[in-house]
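S.K.: Take this structure, written in structure tokens, and hold onto it; I'll ask about it next.
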Amino acid sequence: MGLFDIIALIITVTAALSYGNRRYVGLPTAIGVMVGGLTVSLALLALGSVYTVLPARAERIIQALRFHTLLMNGMLSFLLFAGSLNTDVSRLQERRWTILILATVGTVISTAFIGGTMYSILGVLGLGIPFAAALVFGALISPTDPVAVLAIMREADAPADLESVVIGESLFNDGVGVVLYVITLGILTSEAHVTASHVAREFLQEAGGGLVWGLMLGHLATTMLRRVDDYTVEILITLAVVTGGYAIAQHAGISGPLAMVVAGLFIGSRGRRLGMSARTREHLDTYWLVTDSILNAVLFVLIGLEMLVLEVAPGFVVAAAIALVISIAARCVAVALPISVLRRFTSFGPHSIRVMTWSGLRGGIAVALALGLPSVPDRDLLVFMTYAIVVFSILVQGLTVGPLLRRVFPGPAPAGGLGSHASPVPSSRRRLNPQSGQELRR
């Protein structure tokens, strides 16, 4: 099959699963299509005992897609830009220090906690991995996935302020996590001695460069948007930011994900206010909302289908179960420690740590990073543990975030779930969920 045939097949499967979920099951779209993908994978594996050609051909198709390349070098830039474009910057600014510290310090704490703990426990179980490999695993599984969080939190009726912190953290800690992944993978694969100054320099180049480049892209695009009033041209300008801007970031050795988040926030706030007419805003929002919805559905279907290419060996299931517990514990520590310090300067609700721990979903980016690992020691084990955590996160945590929120915040969701006084959502920033017709709070 050619590339076009494979893409056509994946989109057709995604459309069928999305329709089936919406018509007969009623799960949140992200979860429903992933369950459908898992079901298809299990059915193909079950049929393999009778029709051996089916799972083999399906496996070849999935491998030909190169999930890591497809997501990290294509879909991710669109998903991050679309998510940040429609995020209310005013709410993020109210909790900017909380978001910044959780996205940076929290991610580093989680990476170190997971890496150190997994290295020790797997060694005791006879599944020992190099310490650098354990750190790579900690880096790729620590960030909360913005795609999964955006898809789930906005269907969970979260308090507006709490939603802003969780979404804001996920948008930025994704970029930080990718930077940590690149650095730790470099340590694992490099034969030379890596110093602390080298790590710090790499981090500043990746993260700092990504933030600066994102601001430059946002400012340039906003300037261009102000000088034309044609929604077709203006949509093309945002597409150029997403494609050209991300490609340049990759070639320059800086963080493309962080650049897309910053550019999307800049254009979604300043560019929307200064450079777009009401008609352009309507068309631009519709275009990116539809693009985001389609790519989200495709991504979660692919996550389900990736089961076909997993390698499983004795001990992997036990290791994955341990990794799951440790990842949740690490998330709790990474949230609790910064919040315990931040409480001296700002207020937090009584359930903040519990809700933020459980709503810290992992998703396709972690799977893509794991699949993108080169031939490093214990690669198959790292991929399997990552996949198990992502599936649990989306299915179990994703389905229970809503009930948890309703339990700890009974009645109408308060505006200040973390204790701050959040401003109402301006009417110009309101969006409608195309599936339910209900308003989406930004």
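S.K.: Suppose every K and R has +1 on its Cβ and every D and E has -1 on its Cβ; what is the size of the dipole of the chain about the Cα centre, in Debye to the nearest 20?
M.R.: 1060
S.K.: Need the full-extension length gain, Leu42 to Arg273, defined as separation in residues times 0.36 nm minus the C-alpha distance. One decimal, nm.
M.R.: Net length gain for the segment: 78.3 nm.
S.K.: Let me ask you something else. Given only helices, namely DSSP H runs of n ≥ 4 each adding -39500 (n - 2.57), what is the per-residue ellipticity at 222 nm of the chain, to the nearest 500 deg cm²/dmol?
M.R.: It lands at -21000 deg cm²/dmol.
S.K.: Quote the relative contact order of region 205-280 in percent (integer), defining contacts as alpha-carbon pairs under 8 Å separated by 6+ residues.
M.R.: Reported as a whole number, the value is 51 percent.
S.K.: Where in the chain are the DSSP H helices whose alpha-carbon span along the long axis reaches 30 Å or more and whose Kyte-Doolittle mean is at least 0.5?
M.R.: Qualifying helices, which must be both long enough and hydrophobic enough, are 160-189, 278-305, 316-342.
S.K.: Enumerate by residue number the trypsin sites (Lys or Arg not before Pro) in region 162-241 meeting two conditions: DSSP loop (anything except H, G, I, E, B), and at most 15 other Cβ atoms within 10 Å of the site's Cβ.
M.R.: Answer by residue number: Arg227.
S.K.: While we're here: Give me the one-decimal nm value for the distance between modelled label points at Ile101 and Thr223, 7 Å along each residue's Cα-to-Cβ direction.
M.R.: Going by the 7 Å Cα→Cβ label model, 3.7 nm.
S.K.: Between beta-carbons, use under 13 Å as the cut-off and find the net charge around Ala221, counting Lys and Arg +1, Asp and Glu -1.
M.R.: So the surrounding residues net to +3.
S.K.: Right, another one. With a 10 Å radius around each residue's Cβ, average the other Cβ atoms per peptide and rank 365-373, 278-286, highest first.
M.R.: Packing order, densest peptide first, comes out as 365-373, 278-286.
S.K.: Further, regarding this structure: Hey, what did the chain get for relative contact order, percent, Cα under 8 Å, at least 6 apart?
M.R.: Answer for the chain is 27 percent.
S.K.: If you don't mind, there's one more thing I want to ask. Show me the ranking of peptides 83-95, 6-18 by mean Cβ neighbours inside 10 Å, starting with the highest.
M.R.: For the peptides 83-95, 6-18, the packing ranking is 83-95, 6-18.
Bear in mind these aren't lab numbers, they're just calculated from the coordinates by the rules spelled out. Note that the structure is a prediction, hence the values are computed from the model and not measured. For neighbour counting, all protein chains shown are included, and Cβ atoms are generated from backbone atoms with ideal geometry for every residue, glycine included.
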